[in-house]
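Engineer: Okay, handing you the structure first.
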Amino acid sequence: MSDFTIYNTLSREKEKFVPLHPPFAGIYVCGPTVYGDAHLGHARPAITFDLLFRYLRHLGYKVRYVRNITDVGHLENDADAGNDKIAKKALLEQIEPMEVVQRYTDNYHRNMDQLNVLMPSIEPRASGHIPEQIEMVATILEAGYAYISNGSVYFDVEKYHQSNPYGQLSGRVLEDLLATTRELEGQQEKRNPFDFALWKQAEPEHIMRWKSPWSEGFPGWHLECSAMSRKYLGDEFDIHGGGMDLLFPHHECEIAQSKIATGKDSVRYWMHNNLITINGQKMGKSLGNSIILDDMFSGNHPLLEQAYDPMTIRFFILQAHYRSTLDFSNEALQASEKGFARLMKALSILEKLPRSPQTTIDIDGWETRCHDALNDDLNTPVMISHLFDMVRQINLINDGKEQVTDTDIARLGLKLSAFIFDILGLRDNSIADSGSTVLPDVIRLLLDIRQEAKKNKDFTLSDRIRNELGNIGIKVKDGKDGAEWEMG
RNA sequence: GGUCACAUAGCCAAGUGGUUAGGCACCGGUCUGCAAAACCGGCUACAGCGGUUCGAAUCCGCUUGUGACCUCCA
């Protein structure tokens, strides 16, 4: 089996994953800003790094996965500035900022649970780490890489760049940045347009504010991730993840301020997931094509032809590689829905397969191919294509065209379960497998009666049972060994 | 305007120099009282133009198109 490799944005190459302190592995991922409902854009990084979390654990690492909640103010530039996003929403709705934060945090958690995204090991909130952030600002000031201007503290990028390469992660050249930065209001406090705030003095109407040595205000926009990753993962840690949209300036700034605060390059592997498009267009609130997850699951949105099960969404996202853009459309989602159902179907017949004295399929080679795909920078689409190869094998066994022993069925079942449920984090939520058995039993009874009717050539009765079950949403499917059914 | 990505069959999506990835749709077939479902099989594409090479979707150049970032949004 090959080594686990990760594409490192910093080197622009796939690198073998070697943790700093085996068997431990530390991951930090930029989490949501909780000022609105979770949408598709939140689902992708959550699922991508959930996959990473699950796979590292599968490989035997003891993983600490930290994913923050951003609940401290960040300015909006497009509107009548002055308030941060959370404060603004709070005023709008006449409630406490922390009430907004709580509501949308709960909502995010609920949606992530629906997508079968595991909770991280630690989920720190920016508002709960103000002292750590203030301390980091002070350290950077003492080191001489920041300056105070009108109660705010800014990071001195130019000075940093004299001894450290600024822009390495995102491929920016400082001189170019200077040439292309636009003139904006509020820039006059800064020595250079590309300097960024470590601490920001609050405007009078700004509700979320904390006391600091420099002013009453709030921490800078990139600082929380540096402060919290350091606190929970140390000065140096293994993996930092996030969306590609965070590459610049957010992660670039994190690198700079952490380097000065700790004297070390804090992150070994930078991982970035790509964005989601809808019908070929970027998803965005301003474009009116942003779909929140609740609507996705209920189908209640003009762009949606139907409701999509969370597992369909998860499977769909995993069918593309995390570093590629992924285009949502009804056609594509419906394709995934059917493919996923076929996968689950094959899994369900596994136990019922006819046993043979020998096995004619190559289980070990297949397992290696699955692992190799995952080891190749989490190439889930290739891994899933191997799963479908096994689906075909299972069906061929079922048709008597291939053979498998009793032992190998058990072995295969364990492996499939590990890949599909443990690593990919999929969940079989067909109704027959959950909750009470009363409904399945009743349906089974009806189907038995129908079978007898068919035997007696009473097709009026048999069709009536099938049709009326169909009317209440239960699809009857005749097979060789009696009828099957499913909700739908 | 600057920087960087990407362009693969009806749709989605892997693939980084030489054996048809995969899913959905579609078309055949098996099964079946009928239908549906299920299963098996088929479907050989790489934006355009030029170049490198014995050989290119894959490397290089140009053109066209799409997207991301360049903002005290995260």
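The values are calculated or read from the model by the stated rules, or taken from the named source; none is laboratory data. Note that this is a predicted model, so its numbers are computed, not measured. When we count neighbours, we look across all protein chains shown, and the Cβ atoms used for this are built from the backbone with ideal geometry, even at glycine. All accessible areas refer to the heavy atoms of the entire protein, side chains included, with ligands and DNA or RNA removed. Shrake-Rupley method; radii C 1.70, N 1.55, O 1.52, S 1.80 Å.
Engineer: Go through (1) within 20 Å of A:GLN114 (Cβ to Cβ); (2) among the polar types (S, T, N, Q); (3) part of a loop (DSSP other than H, G, I, E, B) for A:THR312 and report which single condition fails.
Structural biologist: Exception for A:THR312: condition (3).
Engineer: When you scan the range A:36-51, do you find a residue that is without any contact (Cβ under 8 Å) to a residue 40 or more places away in the chain and hydroxyl-bearing (Ser, Thr, Tyr), even just one?
Structural biologist: So far as the range A:36-51 goes, no, none of its residues is without any contact (Cβ under 8 Å) to a residue 40 or more places away in the chain and hydroxyl-bearing (Ser, Thr, Tyr).
Engineer: Output the residues belonging to the range A:277-294 that are away from RNA strand B (no atom under 14 Å from the Cβ) and under 17 Å from A:GLN334 (Cβ atoms).
Structural biologist: From the range A:277-294, those away from RNA strand B (no atom under 14 Å from the Cβ) are A:291-294; that's our starting set.
The answer is A:ILE291, and nothing else.
Engineer: Another question about this same structure. Quick one: how many residues across the range A:18-34 are under 17 Å from A:ASN273 (Cβ atoms) and either surrounded by fewer than 18 Cβ atoms within 10 Å (Cβ to Cβ) or away from RNA strand B (no atom under 16 Å from the Cβ) (or both)?
Structural biologist: Result for the range A:18-34: 1.
Engineer: Among the residues that make up the range A:230-237, is at least one of them at positive phi, in the same structural domain as A:LYS62 (by TED's automatic domain parsing) and modelled with pLDDT of 95 or more?
Structural biologist: Yes, the range A:230-237 has at least one match.
Engineer: Turning to a different aspect of this structure: Can you tell me which residue is farthest from the chain's Cα centre (by Cα) among those in the range A:4-50 that are closer than 30 Å to A:ASN330 by Cα and among the aromatic types (Phe, Trp, Tyr)? So that I can check it myself, show each step before the final result.
Structural biologist: Step one: of the range A:4-50, the residues closer than 30 Å to A:ASN330 by Cα are A:29-50.
So of that shortlist, the ones also among the aromatic types (Phe, Trp, Tyr) come out as A:35, A:49.
Details: A:TYR35: 18, A:PHE49: 5 Å.
Top of the filtered list is A:TYR35.
Engineer: Another question, then. Of the residues that sit in the range A:295-309 and are part of a helix (DSSP H, G or I) and surrounded by fewer than 19 Cβ atoms within 10 Å (Cβ to Cβ), which one is nearest to RNA strand B (Cβ to nearest atom)?
Structural biologist: A:PHE297
Let's see how each residue does on (1) open to solvent by 20 Å² or more (accessible area, probe 1.4 Å); (2) of a type in the set (D, E, K, R); (3) near RNA strand B (Cβ under 7 Å from one of its atoms):
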residue	(1), (2), (3)
A:MET311	no, no, no
A:LEU318	no, no, no
A:ARG342	yes, yes, yes
A:PRO354	yes, no, no
A:GLN358	yes, no, no
A:ARG369	yes, yes, no
A:PRO381	yes, no, yes
A:ILE384	no, no, yes
A:VAL391	no, no, yes
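Engineer: Give the residue, chosen from A:ILE423, A:ILE474, A:ILE465, A:ILE397, that is modelled with pLDDT of 80 or more and closer than 30 Å to A:VAL117 by Cα.
Structural biologist: A:ILE423
Engineer: If a residue has to be free of Cβ contacts under 8 Å to residues at least 60 places away in the same chain, closer than 19 Å to A:LEU424 by Cβ and in a helix (DSSP H, G or I) to count, how many in the range A:349-381 make the cut?
Structural biologist: 6
Engineer: Looking for whichever is away from RNA strand B (no atom under 11 Å from the Cβ), touching a Lys or Arg at 6+ places or on another chain (Cβ under 6 Å) and of a type in the set (Asp, Glu) here; the options are A:ASP238, A:ASP265. Which one fits?
Structural biologist: A:ASP238
Engineer: Same structure again: Would you call A:ALA341 without any contact (Cβ under 8 Å) to a residue 12 or more places away in the chain, over 29 Å from A:PRO32 (Cβ atoms) and not in a loop (DSSP other than H, G, I, E, B)? Break it down into steps so the answer makes sense when it comes.
Structural biologist: On the way: without any contact (Cβ under 8 Å) to a residue 12 or more places away in the chain: yes; over 29 Å from A:PRO32 (Cβ atoms): yes; not in a loop (DSSP other than H, G, I, E, B): yes.
For A:ALA341, the condition - without any contact (Cβ under 8 Å) to a residue 12 or more places away in the chain, over 29 Å from A:PRO32 (Cβ atoms) and not in a loop (DSSP other than H, G, I, E, B) - is met.
Engineer: Output yes when any residue across the range A:192-209 is touching a residue at least 40 places away in the same chain (Cβ under 8 Å), of a type in the set (Asp, Glu), within 11 Å of RNA strand B (Cβ to nearest atom) and more than 30 Å from A:LEU40 (Cα to Cα), and no when none is.
Structural biologist: yes
Engineer: Also, quick follow-up: Check A:ALA373, A:ALA418 and return the single one that is within 9 Å of RNA strand B (Cβ to nearest atom), of a type outside the set (Val, Ile, Thr), within 23 Å of A:THR312 (Cα to Cα) and touching a helix residue (DSSP H, G or I) at 6+ places or on another chain (Cβ under 8 Å).
Structural biologist: None of the other options fit; the residue is A:ALA373.
Engineer: Please specify each residue of the range A:438-488 satisfying the condition of being open to solvent by 60 Å² or more (accessible area, probe 1.4 Å) and among the β-branched types (Val, Ile, Thr).
Structural biologist: Correct list: A:VAL438, A:VAL442, A:ILE449, A:THR460, A:ILE472.
Engineer: Here's a check for you: in the range A:321-335, which residue that is more than 6 Å from RNA strand B (Cβ to nearest atom) and open to solvent by less than 20 Å² (accessible area, probe 1.4 Å) is nearest to A:ILE384 (Cα to Cα)?
Structural biologist: Restricting to residues being more than 6 Å from RNA strand B (Cβ to nearest atom) and open to solvent by less than 20 Å² (accessible area, probe 1.4 Å), the top hit is A:TYR322.
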